[in-house]
Every structure is written in C-alpha cells, then in structure tokens.
Amino acid sequence: MGSLFDATDIVQFAVRVEENGANFYRFAVQLMKDDDAKKIFERLAEEELKHGKTFSQIFAAMEKTPPPPESFAGEYAAYLRSYVDNAVIFRKDLLDKEMALVKDTVSALDFGIRRELDSINYYHEIKELLGPGNYDAVDKIIAEERKHFCILTDLKAKFSK
C-alpha cells in the first residue's frame, strides 16, 4: 500500500506552514507596543517568507508526480491547504484558542517556538514514511525550521530578562 502523500506534498505543506507562520508574526506585530518588538516580529514574518521561498525552490527541484485523480480542477491543492490549516500544525480551532492567549512579546515567542517544534516533529515523522530517496528534501526543511527555532529561543531569552 502506497502512502497518501509523497515528498512533493510534504514540501507543499511546508510552504503553507510558512505562509501561516508569516501571518501569525504579522498578527503579533499588531499586538506589540514596543517598537523594537514590532521590528523583531516583522523580521520573523520576513524570515517565514524566506523559508517559504526556500521550500518552493526545493519543490521546484524535486521530481513532480501527478496528483491523484480530481473531481474538479484544483481539488487536490485545496485539500492540501485544508489539511495543513486544519490538521497538521495550524489546526484552526486549537490555533484560535492559543492565539487568544498571545498578549505580549514573550507569549508570542512561546507560540512561535511551539509551532516551530511542531513543524520539526512533523517533518521527522513524515520523513520515515517517504523513504530514503526523499530524505534530503525533508532534511532541508527540518534544517530551516531549526534555524527559526533558534532565532525564537534567542529572542525569548532576551525578552525574558
């Protein structure tokens, strides 16, 4: 039995996760009263967009496999977006509850750190399902997520003092 998703799907998920992350950091900018904090979250949003571009480049370099048969044009892409938004890292109902707790710089950093860890864990888990031929592409995604996690934890240490 083959897996439901292949490596190109995982990279498409990563692009969507990064878009969602950029949206969160833009939201966090609106919460901040401190100009330096606003700049940090603006930078984080930019970093998420850069990660998305990196993942798009990985996707472009991967061998494309056709999506499963569709009932209508774009059905598979819509499914992938919905899957990421609602079932993987940014599940809407849980996200809304957590977002309500984001009131300041440190709580926003905590939220971002959790999302980065969720992403890292997800990619480690899914990597095993994809097989050795796809490890390099997934490892690149994991490395990008680790970099962002380090940025966030460094910022949290600075703002927690």
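The values are calculated or read from the model by the stated rules, or taken from the named source; none is laboratory data. Since the structure is predicted, the reported quantities are computational estimates derived from the model, not experimental observations. Quick reminder, even Gly has a Cβ in these numbers, built from the backbone with ideal geometry, and neighbours come from all protein chains shown. For accessibility, only protein heavy atoms count, side chains too; no ligands or nucleic acids. Shrake-Rupley method; radii C 1.70, N 1.55, O 1.52, S 1.80 Å.
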query: Is it fair to say Glu48 is at pLDDT 75 or above and part of a loop (DSSP other than H, G, I, E, B)?
result: no
task: Considering only region 31-56, state which residues are surrounded by fewer than 18 Cβ atoms within 10 Å (Cβ to Cβ) and farther than 14 Å from Arg16 by Cα.
output: Leu31, Met32, Lys33, Asp34, Asp35, Asp36, Lys38, Lys39, Glu42, Arg43, Glu46
message: Exactly one condition in (1) modelled with pLDDT of 85 or more; (2) of a type in the set (A, V, I, L, M); (3) open to solvent by 30 Å² or more (accessible area, probe 1.4 Å); (4) in contact with a helix residue (DSSP H, G or I) (Cβ under 7 Å, 6 or more places away or on another chain) is false for Ala28; which is it?
response: (3)
- request: Find all pairs meeting these conditions: Cβ atoms under 9 angstrom apart; at least six residues apart or on different chains; first residue within region 100-115 and without any contact (Cβ under 8 Å) to a residue 60 or more places away in the chain; second residue surrounded by fewer than 20 Cβ atoms within 10 Å (Cβ to Cβ) and of a type in the set (Val, Ile, Thr).
  value: Leu109/Thr153; Asp110/Val102; Ile113/Thr153
- request: Please determine, by comparing only the residues of region 78-91 that are at pLDDT below 70 and open to solvent by 40 Å² or more (accessible area, probe 1.4 Å), which one is farthest from Asp9 (Cα to Cα).
  value: Arg91
Of all residues making up region 143-158, the number that are open to solvent by less than 60 Å² (accessible area, probe 1.4 Å) and either under 20 Å from Phe24 (Cβ atoms) or touching a residue at least 60 places away in the same chain (Cβ under 8 Å) (or both): 8
